[in-house]
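Read through the structure below, which is laid out as structure tokens, and then see the notes.
The values are calculated or read from the model by the stated rules, or taken from the named source; none is laboratory data. It should be emphasised that the depicted structure is a prediction, and the values quoted were computed from it without experimental measurement. Positions of Cβ are backbone-derived with ideal geometry, glycine not excepted, and every protein chain shown enters the neighbour counts. Remember, those area values only see protein heavy atoms, side chains included, never the ligands or the DNA or RNA. Shrake-Rupley method; radii C 1.70, N 1.55, O 1.52, S 1.80 Å.
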Amino acid sequence: MRVAIRSFDNRVRRSIASAIATAALCLPGAAAFAADAPSKSRDVNIRLGGKQTIVGIHWDPQKSPLAGSSPLATPLPHPQPRLAGFSPLVAVATSDARMPVGADEYGHQLESSYVGNSLNPFAYPQFVVGYLDSGADGTIVAGSAAQRLGLTGENLTSNPIDLTGISGTDVGYVTMPIGFFAAGLSAVTAPDTLDTTALVGHSNVCGLAAPPIDCGFGELVSALIGMPFIAFYNTAILVESPRSVTVAGETYTSPDVHIFDIFDPPPSPEYEFTREIGLDLESAIGLFITTASYFPDPFDEDAIPFTPTFLSPTALSLPAGGGFYLELLVREGPSTPDNPARPMKVLVDTGAQSSVITRNFAAQLSLPFTPDFTVDVCGIGGLATNIPAYFLDYVRINALGGALEFSQAPFIVLDIDVGPGGVDIDGILGMNFFANRNVMLAPDPPVPQISGGFLLVSDPIPFAYGDFNLSKHVAEDDYELFNFCMGGPGVALSPDCFHTDGDGDGDLDLKEAAAFMRCYSGNGIADSSCGL
């Protein structure tokens, strides 16, 4: 067999050759390690939505759901979601655009372009890269990003808001009314350079300036653009068009994001969506939504903002908040009359790369005390370790165009009482279920009211084997994951490696190594038809 490896640098070539040689020898060293030290760990950076990030994974290879599998193992009946999908990134800017002081209006003003002046004209660059997060009640800017975007001094109120996280609480402060604007990473035309003509957003908005969230791992959250923005725009997240940009010395990669007016048809290129998943926009008070607004301090004659801007029935009502919700059907164990698939109410969270199940619902499914693996989570209040996680046998998402069905779907167990707007939920649906699909959030128009909308989903987008980060390149960053996951015949995979298993036999061996070499493209575009 001839394998073209001219594009490999010498280090990658030697490493691949070493991995193949080890696999060819049936990996006695790896087998011994598994026997002597079954518990394994790996540092990761996987967003769990909101202000939380998975920073570590711990698993026992001998208790993996695919442990002991072989090339003759029965394949899963449905696709298995990755542990981590995409988390859409956008360029975020602020301005001084607000209603005149004394105006009897607290609602936001939708803006089709950037208006106003920068809050921090001395910053370079004058924007940050943040997350488009439908799981966030409002807009949050944290740590150094708040400094760069000018959320300091006279742009802040003294009104605190408690921020609750995985292991405690912290305090953020409500901003004065300002403008928040966003665009996909295609608007970053060069390092540290933003095409402001591509921005859309809303003004007269109060966000939250939060303290840094790092747990010793560096700042994990910059900005979260939440529901007060998302509910009033159609947003296409295009996995088929990945973007990589450099801002303030950091390189970011994300599916491209197109944000456009809710009343306009999608811009070119034409999007091909084959499923329409119905969404409900809900809040605990059960009222329709027409705007997003903040509420003024009733004891302050200058009407200083008392709350951040949330989704609201009207501009002068108490903000209600809210999120997009749908119902999954899930099952643990075989399908029997005594064990039907159960409805599970979830928040649809574009800011979450992974999915969550509440402890209460885990009990309803009779999950065992011993989890399939555990994770460490960093968030407000610090670090929480050994959070349980499970692979659920069956998950179904009903949709116009045909249901989406999944096997062995990973969920992290967290005690979440309510979602945005105070709605009781059983979990969070992250973007790991749509990792290789284009999606579009299409809310109902806000006139006369928002009641829900659709999540539009494409068929799977083809990528070359080895393009594990879906960048359209099979390159050295993909090899780093491949090298970690490579165990050889019969060595079960880490929970974040299952999507590297090209032939579905539960391990990574010579077949995958040969395919990775064949499909490697370096800086060139990988052939999407290249596979095992």
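Structural remarks
- Extreme residue, positive dipole direction of the range 189-311, given options Gly249, Phe263, Leu194 (C-beta unit charges): Gly249
- Directionally averaged projected area (the range 350-415, Cα convex hull): 5.6 nm².
- Computed over protein heavy atoms with a 1.4 Å probe, the accessible surface of the range 193-287 works out to 40 Å² per residue.
- Packing order of peptides 505-511, 213-219, highest average first: 505-511, 213-219 (average count of other Cβ atoms within 10 Å over each peptide's residues).
- Note that the chain, at 25 °C in a medium of 0.890 mPa s, gets a Stokes-Einstein diffusion coefficient of 102 µm²/s from its Kirkwood radius over C-alpha pairs.
- Relative contact order (percent, whole number), the chain, Cα cutoff 8 Å, 6+ residue spacing: 21 percent
- Rounded Å value of the spacing that divides the Cα centres of the range 193-238 and the range 467-505: 31 Å
- Cα centre as origin, Lys/Arg/Asp/Glu Cβ charges: the chain dipole, Debye: 1420 debye
- Think of the range 430-489 as a dipole: +1 on every Lys or Arg Cβ, -1 on every Asp or Glu Cβ, centred on the Cα centre; then among Pro462, Phe484, Gly452, Gly452 lies furthest on the positive end.
- Degrees, to the nearest 10: 10-24 long Cα axis against longest axis of the chain: 50 degrees
- Accessible surface of the chain [probe 1.4 Å, protein heavy atoms]: carbon and sulfur percent: 52 percent
- Karplus-derived HN-Hα couplings along the range 302-308 (A = 6.51, B = -1.76, C = 1.60, θ = phi - 60°), whole Hz, x at Gly and Pro: 8, 6, 4, x, 9, 10, x
- If you take the alpha carbon atoms of the range 465-532 and fit the smallest convex hull around them, that volume is 70 Å³ per residue.
- For the chain, the residue among Pro313, Ile380, Phe180 whose Cα projects farthest onto the positive side of the dipole built from Cβ charges is Ile380.
- Compared with the direct C-alpha span, the chain from Arg359 to Ala341 gains 4.7 nm at full extension, assuming 0.36 nm per residue.
- In the distance distribution for the range 320-462, Cα-Cα pairs more than 24 Å apart total 35 percent.
- For the range 178-274, the Kirkwood estimate of the hydrodynamic radius, built from every pair of different alpha carbons, is 15.3 Å.
- Principal-axis tilt of helix 476-485 within the chain, Cα atoms, nearest 10 degrees: 60 degrees
- The protection proxy used here, the mean number of other Cβ atoms lying within 10 Å of each residue, ranks peptides 433-439, 149-155, 43-49 as follows, highest first: 433-439, 43-49, 149-155.
- Taking every alpha-carbon pair in the range 73-231 and binning the separations at 5 Å intervals from zero gives 2, 9, 17, 22, 19, 13, 7, 5, 3, 2, 1, 1, 0, 0, 0 percent.
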